[in-house]
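First the structure, in the form of structure tokens, and then the observations on it.
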Amino acid sequence: MDLKGRDFLTLADFSQDEIWYLLQLARDLKEKQKAGIPHEYLKGKTLAMIFQKASTRTRVSFEAAMYHLGGFPMFLSKNDLQMGRGEPIEDTARVLSRYVDGIMIRTYSHKEVEDLARYASVPVINGLTDDYHPTQALADLLTIWEHKSALAGLKLAYIGDGNNMAHSLLLGGALMGMEVVVASPEGYQPSAAVVKRAKALAVDGEKIKVVIDPKEAVQEADVLYTDVWASMGQEEEAAIRKKALAQYQINQELLKHAKKDAIVMHCLPAHRGEEITAEVMEGPQSVVFDEAENRLHAHKAILAAVIK
């Protein structure tokens, strides 16, 4: 399947077959790495990595992925660019396109990523915005597939703030035939527009739900997922959010309502004792660190697939 030159902005921009292609490519590249088989598919290629938001996993996994693929990753912090300090984003996009073979950006505004992609002549990869986190969601789908041997027909329950992770899991899960139920309190629920889009992508739109009660969400769930209550840029709201989301914690009691073989996921960083207990995160049902590792393999697949 040829995805060369494609942008990777949200999972909804791809078909189910295309997502399966990326997942299978990720698994193949993972097996090659484990076996010590070289896979320098991007030898001589350069990736510009723009970080308006700091990151551990996104930076390290993309840098390592590009290196393993034989290419060169170029880290650009907000202090390294004129973008946002007077230079229009369309100029940055057109200039970088003359220098590099791909651009990965991790920033706040999703419109900024869309504008970058509009004016760039090389593939643009969304490493995270306030609205979506598709590269993480692809790694999550890979992890679920590895542990459950399927995606279609599984139930994923997302507990907590209806943020960029909730949005990406709604879209990705719907696209892959999963039932996705998000439990969030009023005022913290996912975007109605994203939920509507997920329902449209799903084979059965009734399988995409937003509820208030976490126990209702996790009934017979195969996968439990959560994220921090206050994301980067929301630090001033942390106390308010902690109070509003106090009942939206994945703990041993909540886990009892899911299937006995349910797996627990978290995109990290985690605040143990808030959105998830240490007991669950370090427990036998947690696949959090398998999930973190799969960022590397998912990112390799994206880079190998889209960069010409």
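The values are calculated or read from the model by the stated rules, or taken from the named source; none is laboratory data. Model, not experiment: these values are computed from the prediction. We place every Cβ from the backbone using ideal geometry, glycine too, and count neighbours over all the protein chains shown.
Brief remarks follow.
- Of all residues making up the stretch 28-79, the number that are crowded, with 17+ Cβ neighbours inside 10 Å and among the small types (Gly, Ala, Ser): 4
- Qualifying residues in the stretch 1-35 (those that are under 20 Å from the mean Cα position of the chain (by Cα) and of a type in the set (Gly, Ala, Ser)) - the one farthest from residue 194 (Cα to Cα): 26
- Applying the condition of being assigned to a loop (DSSP other than H, G, I, E, B) and aromatic (Phe, Trp, Tyr) to the stretch 13-56 and asking which residue is nearest to residue 288 (Cα to Cα) yields 14.
- Test: residue in the stretch 117-130 that is assigned to a helix (DSSP H, G or I), out of contact with any Leu (no Cβ under 9 Å at 6 or more places or on another chain), without any contact (Cβ under 8 Å) to a residue 12 or more places away in the chain and not assigned by TED's automatic domain parsing to the domain that holds residue 262: no
- Listed by first and then second residue, the pairs with beta-carbon distance under 6 Å, at least 6 apart or on different chains, first residue in the stretch 71-96 and small (Gly, Ala, Ser), second in a helix (DSSP H, G or I), are 93/116; 93/119.
- The residues of the stretch 256-308 that are farther than 20 Å from residue 228 by Cα and part of a helix (DSSP H, G or I), listed by number, are 296, 297, 298, 299, 300, 301, 302, 303, 304, 305, 306.
- Scope the stretch 139-151; condition over 14 Å from residue 178 (Cβ atoms) and either buried (at least 24 other Cβ atoms within 10 Å of the Cβ) or modelled with pLDDT under 95 (or both); matching residues: 139
- Residue 99 being hydroxyl-bearing (Ser, Thr, Tyr), touching a strand residue (DSSP E or B) at 6+ places or on another chain (Cβ under 8 Å), in contact (Cβ under 8 Å) with a residue 40 or more places away in the chain and farther than 23 Å from residue 268 by Cβ: yes
- Within the stretch 277-295, the residues that satisfy the criterion of being in contact (Cβ under 8 Å) with a residue 12 or more places away in the chain, of a type outside the set (D, E, K, R) and touching a Leu at 6+ places or on another chain (Cβ under 9 Å) are 280, 283, 285, 288, 292, 294.
- Scan of the stretch 196-229 for residues that are in contact (Cβ under 8 Å) with a residue 40 or more places away in the chain, assigned to a loop (DSSP other than H, G, I, E, B) and crowded, with 16+ Cβ neighbours inside 10 Å, ordered by number: 221, 222, 227, 228, 229
- Taking the criterion of being assigned to a loop (DSSP other than H, G, I, E, B) and more than 22 Å from residue 109 (Cβ to Cβ), the residues of the stretch 57-87 that qualify are 69, 70, 71.
- Any pair with Cβ under 6 angstrom, 6 or more apart, that starts in the stretch 1-12 at a residue that is part of a loop (DSSP other than H, G, I, E, B) and ends at one that is of a type in the set (D, E, K, R): 4/308; 5/308
- Residue selected from the stretch 233-257 under the condition in contact with a Ser or Thr (Cβ under 9 Å, 6 or more places away or on another chain) and surrounded by fewer than 18 Cβ atoms within 10 Å (Cβ to Cβ), by the criterion nearest to residue 192 (Cα to Cα): 251
- Flag for residue 153 being within 18 Å of residue 258 (Cα to Cα) and in a loop (DSSP other than H, G, I, E, B): yes
- Count of residues meeting criterion [at pLDDT below 95 and β-branched (Val, Ile, Thr)] in the stretch 5-52: 0
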